[in-house]
Amino acid sequence: MTIRHLSETIINQIAAGEVIERPASVVKELVENAIDAGASRVEVVTAGGGKTLIRVTDNGSGIPAGELALAVSRHCTSKLTDDVHDIRALGFRGEALPSIGSVSRLSLKSRVADAESGFEITVSGGRMEGPRPAALNQGTIAEVRDLFFATPARLKFMKTDRAEAMAVGDIVKRVAIAFPHIRFSLAGSDRTPLELPATGAGSDGMLERIAQVLGKEFPENAIAIDAERDGVRLAGFAGIPSFNRANSLHQFAYVNGRPVRDKQIWGAIRGAYADVIARDRHAVAVLFLTLDPALVDVNVHPAKADVRFRDPGLVRGLIVGAIRQALSQSGIRAATSGAE
Ligand code: ADP
Ligand code: MG
């Protein structure tokens, strides 16, 4: 037996197995990069459910020509310095672009504010070429073609164009709810276009964006939540019990602006509604948790959708208590089974 060091491409492909599960995960990473770059407009275009094409265009800071090669290199990030517990940006692992480039044909075009021109770098199945000059406005265009062409085993797990296109739509909506001041659009031959114009600031803007995504009926059937306990703040909207759904796709949870799918949070929502919604039905809710980044670990899984709270009981109690209180104050028969 000989021990060898894996090639950079293989290392990236292994990482891609965790970070990039399907087209929607690529979209999530690229959109998060656009948000981290301070964009006010993010445009997403897909074809074939994102399997053949994903293009994300933003008007953010851009990447200087001299840093394009670093942007697609593993463990290179502009977002984290020395403290892994102080994570404020959506990205921080420096893993998305090299992972995507190792399993697809990635083109990254970018232009910074004071540059005379933009530049493009391409990575195809892990092979990097460029940078070379490219024409574009300030910002970044990330284009991903033929996702998983370099890892055919993974390609086999893709669902139909329709199913993948829906998952892409879901992730764009999920991320967009947390950033109402950013204009998002999603288009492509594989879908009906989605336009989410930027809204005003504050909680009105938040509610407007939620209505854009969930429909106007939700604000009319929801109660505002605003509670705080020991430095953890919970804001958002909880649907009234009669406004329930057959699945939990309509529950949106965010931790410091990051969309999460967290079993504890789902469990807390279920607990809050346990006495007023049938077991096989699901409440509609949009919850934003804000807390000191040091009190939550977002580095649990490469896709960054799981989080671990320093004090899970506190978070659960806050969610259950705030939703029950909101429901009872609005005259809806709330839980009588005692405090959490
Ligand atoms: P991470 O987001 O974890 O830092 P990525 O692989 O997603 O890792 O991106 C690597 C780096 O490339 C980022 O840290 C950032 O500096 C740069 N970058 C990527 N996308 C963009 C973008 N749309 N606009 C500006 N810079 C970007
Ligand atoms: Mg990123």
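All of (1) more than 21 Å from the chain's Cα centre (by Cα); (2) within 12 Å of ligand 1 (Cβ to nearest atom); (3) touching a residue at least 40 places away in the same chain (Cβ under 8 Å) hold for GLN13 with one exception: (2).
Go over the candidates THR2, THR77, THR9 one by one and state the one that is of a type in the set (Ser, Thr, Tyr), more than 27 Å from GLY169 (Cβ to Cβ) and part of a helix (DSSP H, G or I). Walk me through how you get there before you give the answer.
Working: THR2 fails: part of a helix (DSSP H, G or I); THR77 fails: part of a helix (DSSP H, G or I).
None of the other options fit; the residue is THR9.
Residues that are within 16 Å of ligand 2 (Cβ to nearest atom), touching a strand residue (DSSP E or B) at 6+ places or on another chain (Cβ under 7 Å) and either of a type in the set (A, V, I, L, M, F, W, C) or at pLDDT below 95 (or both) occur in segment 103-115; there is at least one.
Evaluate segment 130-145: report whether one residue or more is among the β-branched types (Val, Ile, Thr) and over 20 Å from the mean Cα position of the chain (by Cα). Looking for residues that are among the β-branched types (Val, Ile, Thr) and over 20 Å from the mean Cα position of the chain (by Cα), one finds none in segment 130-145, hence no. If you scan segment 126-158, which residues turn out to be touching a residue at least 24 places away in the same chain (Cβ under 8 Å), among the small types (Gly, Ala, Ser) and either within 13 Å of ligand 1 (Cβ to nearest atom) or assigned to a loop (DSSP other than H, G, I, E, B) (or both)? Scanning segment 126-158 gives GLY126, GLY139, ALA142, ALA150.
Could you grab me the full set of residues in segment 105-129 that are under 25 Å from the mean Cα position of the chain (by Cα), more than 15 Å from VAL56 (Cα to Cα) and small (Gly, Ala, Ser)? Within segment 105-129, SER124, GLY125, GLY126 qualify.
Could you grab me the full set of residues in segment 197-227 that are farther than 21 Å from ALA283 by Cβ and touching a residue at least 24 places away in the same chain (Cβ under 8 Å)? Show your work before the answer.
Kept after step one, since they are farther than 21 Å from ALA283 by Cβ, are these residues of segment 197-227: 197-202, 204-205, 208.
Correct list: ALA198, GLY205, GLU208.
The values are calculated or read from the model by the stated rules, or taken from the named source; none is laboratory data. Since the structure is predicted, the reported quantities are computational estimates derived from the model, not experimental observations. Positions of Cβ are generated from backbone atoms using ideal geometry, with glycine treated the same way; all protein chains shown enter the neighbour counts.
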